[in-house]
Amino acid sequence: MAGDHIVRIRKLEKSYVEGGRRHWILRDLDWCIERGEFVVLLGRSGSGKSTLLNLISGIDLADRGYIEVAGTDLGRLDETGRTRFRRRHIGFVFQQFNLISTLTVLENVLLPLELNGLLNETTRRRALGLLDRLGLMGRERAFPDRLSGGEQQRVAIARALIHGPALILADEPTGNLDLETGREVLALLDSLVREQGRTLVMATHSREVVGLADRILTIRHGRLEEWSR
Amino acid sequence: MRPLVIRAGLRSLLHHPWQLMLALFGIVMGVAVVTAMDLAKHSALVSFERAQVALFGRATHRIGATGGISESWYRRLRREGFVQSRPLVEGTVRTGSGKVVKLVGIEPLAERAFAPAWLGASPEVGKMVWRRFLLEPGAVLTSRRTAAEAGWRIGDQIPVRVAGRTETLTLIGFYETEIATDPVLIADIATAQEVLGDYGRLSAIDLIVEDRARVEELRRWLPDEMELSTQVTATDSARQMTRAFYVNLTALSLLSLLVGAFLIYNTIAFMVVQRRRLFAILRLLGLTRREILAGVLGEAVALGSVGSLLGVVAGILLGRFLLSLLARTLNDVYFPLPVAELDIPGWLLFKGGLLGLGATVIASLVPAVEASRTRPVTLVARSLQEQHSRRRVRRSALAGTAFLLAGALVLAAGKELVSGFVALTLALLGCAMLTPAIVPPVMAACRWLGFRLFGPLGAMPARSVTASLSRTGIAAAALMVAVATTIGMASMIHNFRDSVQRWLTRRLDADLYVYAAGSGERRPLPAALGERIAALPQVAAVGSVRYRRLVTKAGFLRINAYRLSPAAFATFEWVERTDRDPWRAFRRGEVMVSEAFARLRGLHAGDRVTIPTPRGPRTFSIFAVFVDYNAGRGIVAMDRRVYERFWRDDQVSTFWVYLRPGSDVEQIKTRLAGLSSEIPLEIRDNRALLQLSMRIFDQAFVVTGVLRWLATGVAFVGVFSALLALQLERSRELGVLRALGMTPGQLWGQIVAETTLLGGVSGLVAMPVGTLMGWLLAEVIDRRAFGWTLEFGLRSGDLLQGPALAVAAALAAGLYPAWKMARTPPAEALRCE
Ligand SMILES: Nc1ncnc2c1ncn2[C@@H]1O[C@H](COP(=O)(O)OP(=O)(O)OP(=O)(O)O)[C@@H](O)[C@H]1O
Ligand SMILES: [Mg+2]
């Protein structure tokens, strides 16, 4: 077993049947991601970036193939097992922020801690510190719908990182933000992930990211192609 | 425990407090109606039992005989060692104001052993009073209430008319307990005999005999013409008599709970749909399915507990009201009932609460499972929500069909009541599940029509109903159930009333009816009176009927002994009959039985039935089963000659008088009244009797009517809440429309058009479903509980009431959101989720 891989994928296949016809999204895909890497996933709209991230996080099921994340074979876990695994080991950032509108900023960030049974005074202080880092000091009692898009996305980043997951999956995190704000958010995400030694896989259209990434891959016709700079 | 998760869920619930309130209202009403009905029914029987004890004390047996018992039997009984016995004389007298009052003669010393409540709880009946009671001729006691109503005071001389004579009674004291709604005077036995002119005769002798062997001894010892009956059976008999009536009330109150449960289902399902996104995020962040399921069910349990608790409290309040109505009905239709007080046993409250909680949890099961199935991937992937909801609609339609089939099977398989009610529930659920499938095609038609009439904007309401089928489908189903229940209840009651009226009109073929004045079980009249009536010049013919109540091992039954002409006999309608000629069979000594009797005992025309007679048990052939809507355990009807052969009874309950054409009815009435000097008569013409009967019928259905209005109220709120939820939920979408330039007026039109469309569809679907419900209710309540088959017909008034209710609720539900949206700045609406 070569290197310290946090994700290993072998012969992954995913397709949808629509109108009686089968569309292959991912086909015979092999991939390994090293711990601590910042990987960017490029590809045209509809190429299967989101699908691939969903398979890695276990919220979607592959037709065939092997996926191992942080040493766990996802295929051998049942629904509950995958859920437990996900809440411990994976952080999410989405284009649509997906904050819980009925929880305040701070409560949104504390939620993963609570789900993992890690909520206490120390972690609470850590959450406040993180919000501070993300420039949200003073907004922790606000509800998400009172924040701007950039602010919401920063809350989402805090929520994705707070419980120290090994793998962070970001699906077009800057898709809803303007260029400048997008850059800021990316820079924050990058520096935080690197500080904490996490692995980040980001699907995006934005070429801005390219400069920050350790590796860049493109999905085309259901397969991954390594991009060399 | 996960406080944050709970907080997230709760806050989103509290975002729509009115929605919670309405769900709560559903539970509260459902539980309140069931609890109130239970309490009222229970209390009525308890009151009856108390009155029974108050009047008779703890007698175990009663000896009675047609025409009374000679006093000497009482002494002989005591000599035989039956010392715990008491003589009883009962009769009626008419007071100066013409009111009929019951006069009861007792022997105070003998009463002691029986300890009737009125004797113990009467502080004013002191030693002095007892002296006067025993020694003074004409001394009577009465209750305060009777005295107050008649305006009597202690010491008053009360003139009463008995059998053409005037006697004077003296009121010497009050007893405290209200023993019956009937006015009663209590006198010493000698006084009563004297006043009633029944020297040396008793109406009955009551006994306390605990030992079985002694009872058998007594039975052998008594001569044939004396009947020994168990006194406990008074309450048993009340229970038996009211069983069917009670089942009817139970069924209808359970129906209210069912509608309430639908309201709960509707709300919980809605709350789940509203929070789909929340559930998806929570699942994404790592909440397991089971945790979500438990969360939603937990909410339901919390809601159900609060609702049930409030419902039980409301039930006690409502119970008082229902009891007052019920007591009147029981009084008019079944037995004299004293002023009833609400008796509140804890177990009934517990049962009501448990039912409410159970209904809530069951109603939330499907939405809870649905919530737990939320896939986090719907947040990311292109969501196929609409296709999902289409598939769900198809699945629900399939399940609905299965439920309907299951309902039909259950209905066909079982003959009892429970299976009938289960079938009814299954059918209602099945139709509810089918309803969402009907929405899209109807909306397609409306869209086309709207477009034709008003252009693109006109097509929008129908389109948006279909577009959010996952929500509108639930609303439509809830609406349909509510409206169909209303239609069903109305159509059951009205069809029943029609059937009874038709039946009475047919059966009441005589011109005048003559019976003893009074209330409750009326005194019989001598058969000889018939000859005197027939002798009147304007009377063409006289028929008669004698009613007897019998106690048998299989329960109570009534014997009707008829003396009638072939023409009067022809007014009977047959449920089934043998191929023997009915009239000839009747005259030959075969019997006919009422439908209720046949059903209860599983008998058919051509079978045989054994009845106890004073000459021992006798077996009769049944030549037909006849249509009869009398409340009770059923009737065995026979020719009077046959009856006399076995019962040696020459009394009659009612004479039927047929007049020659052109007779002066009023004049004849007066002459008839003058014919009987001993017993005051009551004479009614057939119209008055029909009216009276229908009044009693309506009285019997007052409670049912109230239940129906309660169910309708729950239904209305259900419809209102379903539609309101639908609209308020869309504020964001409506905000977009406003932002795009739709005026508040146009928005208002859109919203109201939408709710009205939805209300209209549901109301339409509710018409056939409501008819089915009405038919099933008639099957369950009338056929299976009472043993009556109705002629079931459609009544447009009941049917149209459905859509009217739905559309009215829809309009009402459209107003608030329209008003709110028109006032909210679009930006605000766009911001909130
Ligand atoms: N549930 C589904 N049923 C059918 N097809 C689906 C489903 N989910 C995704 N697809 C299809 O799979 C393909 C890949 O979708 P995916 O969302 O992964 O693309 P993407 O690369 O993330 O695109 P974008 O950059 O636009 O987000 C698309 O063609 C999409 O239509
Ligand atoms: Mg995507």
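In table form, for the structure just shown:
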item	result
Whichever lysines have a C-alpha closer than 24 Å to that of A:K49, once near sequence neighbours (fewer than 8 apart) are set aside	A:K11, A:K14
Per principal axis, descending, Cα span of the protein assembly as shown in whole Å	128, 65, 56
Virtual spin-label span in nm between B:L405 and A:R64, 7 Å along Cα→Cβ	3.7
Of the DSSP H helices in chain B, those whose Cα atoms cover at least 30 Å axially and whose Kyte score averages -0.5 or more	B:17-56, B:233-274, B:289-333, B:346-372, B:385-413, B:417-454, B:469-507, B:702-728, B:744-777, B:796-823
Theoretical FRET efficiency, 1/(1+(r/R0)^6), r = Cβ-Cβ of B:R523 and B:W347, R0 60 Å, to 0.05	0.90
Added length on full extension, which subtracts the Cα-Cα distance from 0.36 nm per residue, B:R214 to B:V46	57.5 nm
Nearby lysines by direct alpha-carbon distance to B:K351 (threshold 27 angstrom, same-chain neighbours under 8 apart not counted)	B:K41, B:K415
At R0 = 56 Å, FRET efficiency that the Cβ-Cβ distance of B:D664 and B:R587 yields, to 0.05	0.95
Residue-span extension gain [B:R497 to B:V100] - 0.36 nm each, minus C-alpha spacing	139.9 nm
Equivalent ellipsoid semi-axes, chain B, via Cα gyration tensor eigenvalues times 5, rooted, Å	63, 30, 25
Stretch gain in nm, segment A:D4-A:N176, where the contour uses 0.36 nm per residue and the Cα spacing is subtracted	58.5 nm
Cα-based equivalent ellipsoid of the range A:86-229: semi-axis lengths in Å, sorted from largest, via gyration tensor	26, 17, 13
Where labels lie 7 Å past Cα in the beta-carbon direction, separation of B:A444 and A:H205 in nm	3.5
Label-point separation in nm, A:H221 to B:L135, each point 7 Å along Cα→Cβ	12.8
Against the rule of thumb 2.2 N^0.38 Å, how large the Cα Rg of the range B:1-107 comes out	2.30
Rounded to whole Å, sorted largest first: equivalent-ellipsoid semi-axes of the range B:722-832, Cα gyration tensor	42, 12, 9
Relative contact order (%) - criterion: Cα under 8 Å, at least six apart; region: chain B	17
Selected from B:I189, B:V129, B:L365, residue furthest toward positive end of dipole (the protein assembly as shown; charges at beta carbon)	B:L365
D (Stokes-Einstein, µm²/s), Kirkwood Cα radius, the range B:445-499, 0.890 mPa s at 25 °C	181
For the range B:682-823, size of Cβ-based charge dipole, Lys and Arg +1, Asp and Glu -1, in debye	400
Cα-based Rg and Dmax for the range A:1-115, where Dmax is the largest Cα-Cα distance (Å)	15.9, 47
Under 5 Å, built H, 5+ apart or other chain: amide partners of B:Q84	B:I208
Global size of the range B:524-678 as Cα Rg and Dmax, reported in angstrom	16.7, 50
Sequence of A:V105, A:V69 once ranked by neighbouring C-beta atoms within 10 Å, starting from the fewest	A:V69, A:V105
Interchain or long-range residues, amide H under 5 Å from B:E576's placed H	B:V625
Modelled FRET efficiency - R0 35 Å, B:V301 with A:D78, Cβ distances, 0.05 increments	0.85
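Every number in this text was worked out from the coordinates using simple rules, so none of it is lab data. Just so it is clear, the model here is predicted, and its values are computed rather than measured. Positions of Cβ are backbone-derived with ideal geometry, glycine not excepted, and every protein chain shown enters the neighbour counts.
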